[in-house]
Amino acid sequence: MIDWRLNLRAVIGRAYPRVIGSFREPSWLFFDIFLPLLGIAAFAFYYQALGAPSVFIGFVILGGAMTAYWLNVLWSMAAQFYWEKEVGNLQLYLMAPMSRMSVLAGMALGGIFFTSVRALSTLALGLLIFGIEIEITSPISLLVVFFLTLFALYGMGMMFSSLYLLYGRGVWHLSSVFQEPIYFVSGFYFPVKALGFWVSLLASIVPITLGLDAMRQLIFAGQETMGFLPVSVEIVVLILLAVVFIYGARVALNFMENLGKREGRLTLRWQ
Amino acid sequence: MNNAVECRSLTRSFKGNAKQQAIIALDNIDLDVREGELFGLLGPNGAGKTTLIKILATLLLPSSGKVTVLGYDVEREAHKIRPRINMVSGGEFSGYGLLTVRENLWMFSQFYGIPTRIAKQRIDELLHDFELADKADAKVRTISTGQRQRMNVVRGFVTDPDLIFLDEPTLGLDVNSSRTIRDYIRRWVREQNGKTALITTHYMMEAEELCDRVAIIDRGRILACDSPCNLKKQVQRDAVFTLETTQFADLDSIGHISGVKGYTGETNGERQKIRIVAEEESVLAEVIQVIAGKGGKVISLTKVESTLEDVFLQLVGRGLI
């Protein structure tokens, strides 16, 4: 039986260092607010030079904002177990009675705080600097899509983190392999529909693909024709992805932990 | 009295690489640790101490054999064991440098579901006991190694475990820090009913002073297990000597002398200090002869009372390092 009280305390406990850390080392504000704007500006000026409709710049800004969550999932959650193993925290987490999902949920919750600051500031400053107007067709649907995307995305991150339970720096390459290609196939800077049906369908395994596509349709009214699938369909698929990834993460974490205990690699450092 | 730990025919091996055979870290071990006992594991590097502790702490599975902790099987019932145990390792760097000592301890207490009010009260008491109260609000990255190690020991006790594993908790610490930790461990076991501590150490004096019983482990096998007093009785029939000599070529040759059960050598400038456990005093004549033959000269010779170190020398044949 799940001890909810214990696991809730564990979530808060693990979220605490991330939240408090972001106040104690405010230098991240500079790096996480201004530097992402440079990447977005490159695409925005490119679209401007081509004479593309201004909504394309809006697509880039939204993609740039959501990049924060993607990077957070890859490096501050999935790969975090590698660092925890190196400093000796991982064995203390694994020896404690709480669920491993609680540790990861705590990391996610703590990470979402400063990641959201980055995402919101990127969105606000980007729209302001490039003078892009938005028209939200359904705020409730937008919130639903946003939170479903985060659930599914962080569920996927939890699944990745199970690999770091067993392997070390080797899996690092996997995170690198995912980082750049996903910018492309998930359509961070352009409507994913441009890649064609089958590539878009394949890319939809990564929740941010459909999440971004649905949010673009909801934030920029009149751009539904540029959407890959209708928003209602994308919401259903995002629900499925969230359930599959979160359940899959639970199974994968249990499996990898047992394998690690058997092979003796669970707490092995300097891998 | 119940056993807090029971190991039966416990074996743990690790896969070697392509050219190596499997490494046997624990070889068919039988061991009982009683509830309410302060139990010591004494052995050189690579003896299997940490492997054993990791199995007991549910971080590693046995390759074969049966292990129970607090009456639960480590393989199938780890979830029942975890709320009741904790572990501290020497030289550990756990926690987050950005957090204060108090915040770090609170964070780890949350992983055991301890309500914040109780956790804070325990943290304050323990910080006082470990002479860290003035560092409670200092960031962990600003405190010294010794203070950090004491904080780690506090982390182990803050969850009020029934069984604690202390893997070389005083490793590299100064005399005062070590004494503070040892005093607390002793009080914790003695003053509370049914609390058990399993401690591994390199320091013979620590094991002798602290432990109710000690198991001597080497190359994955338990060579002896008894109270320090009874273990020492085993060597009281033997002759234990310390010799101070000038430098000579081949210290290992002493180990080949018939009747020498174990020895250690320590170089101090131009001189060597050798401790020998021999079957009988007459062996000494040959020892002196061998030293002279290798170009050494005996400066002093003392017959000494046997210690736990001599038990170790007798059983293992060499010193701890």
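Worth a mention:
- Over all directions, the projected convex hull of the C-alpha atoms in the protein assembly as shown averages 33.0 nm² in area.
- Neighbour-limited loop hits for trypsin sites (Lys or Arg not before Pro), the range B:1-101 (at most 13 other Cβ within 10 Å; DSSP other than H, G, I, E, B): B:Lys15, B:Lys19, B:Arg76
- Both the radius of gyration and Dmax for the range B:239-305 are 10.5, 30 Å, in that order, over alpha-carbon atoms.
- In a reduced charge model with +1 at each Lys and Arg Cβ and -1 at each Asp and Glu Cβ, the range B:3-227 shows a dipole moment near 720 debye about its Cα centre.
- Computed over chain B with a Gaussian network model linking Cα atoms closer than 10 Å, the most mobile of B:Glu281, B:Glu206, B:Glu270 is B:Glu270.
- Counting only alpha carbon atoms, the long axis of helix B:283-293 and the longest principal axis of chain B meet at about 80°.
- If you sort the three axes of the alpha carbon gyration tensor as a ≥ b ≥ c, you get a/c of 1.5 or more for the range B:191-321 and a/b above b/c, which makes it prolate.
- In terms of its C-alpha gyration tensor, the range B:9-53 has a prolate overall shape, because the principal axis ratio a/c (a ≥ b ≥ c, square roots of the eigenvalues) is not below 1.5 and a/b outweighs b/c.
- Legend: calculated FRET efficiency, A:Leu174 to A:Ser116, from the Cβ-Cβ distance at R0 = 25 Å, rounded to 0.05, equals 0.45.
- Shielding score for B:60-69, defined as the mean number of other chain Cβ atoms within 10 Å: 2
- Cβ-derived FRET efficiency at R0 22 Å, B:Asp252 paired with B:Glu286, nearest 0.05: 0.90
- Just so you know, the Rg over Rh for the range A:4-263 is 0.98, from Cα atoms, with Rh as the Kirkwood radius.
- For chain B, the square roots of the Cα gyration tensor eigenvalues, ordered a ≥ b ≥ c, give a/c of at least 1.5 with a/b greater than b/c, which places it in the prolate category.
- Beta bridges from DSSP with both residues in the protein assembly as shown: antiparallel share about 70 percent, rounded to the nearest 5.
- Computed FRET value (nearest 0.05) for A:Phe184 with A:Ile2, which takes r as the C-beta separation and R₀ as 35 Å: 0.35
- For the range B:148-165, the Karplus equation 6.51 cos²θ - 1.76 cosθ + 1.60, evaluated at θ = phi - 60°, returns couplings of 5, 5, 5, 4, 5, 5, 4, 3, x, 8, 5, 8, 6, x, 7, 9, 10, 9 Hz by residue, with Gly and Pro reported as x.
- Within the range B:166-254, the trypsin sites (Lys or Arg not before Pro) that combine a DSSP coil assignment with at most 15 other C-beta atoms in a 10 angstrom radius are B:Arg219, B:Arg237.
- Proximal lysines relative to B:Lys54, as straight alpha-carbon distance under 22 Å, when same-chain residues fewer than 8 apart are discounted: A:Lys85, A:Lys261, B:Lys15, B:Lys66, B:Lys80, B:Lys195
- Measuring nothing but how far apart in sequence close Cα pairs (under 8 Å, 6+ apart) lie, relative to its length, chain A scores a relative contact order of 27 percent.
- Residue-averaged 222 nm ellipticity for chain A, from DSSP H runs of 4+ at -39500 (n - 2.57), nearest 500: -25500 deg cm²/dmol
The numbers here are math on the coordinates, done by the rules we state, and not lab data. Values in this document were obtained by computation on a predicted structure and should not be read as measured data. A quick note on method: Cβ atoms are made from the backbone with ideal geometry, for glycine too, and the neighbour counts reach across all protein chains shown.
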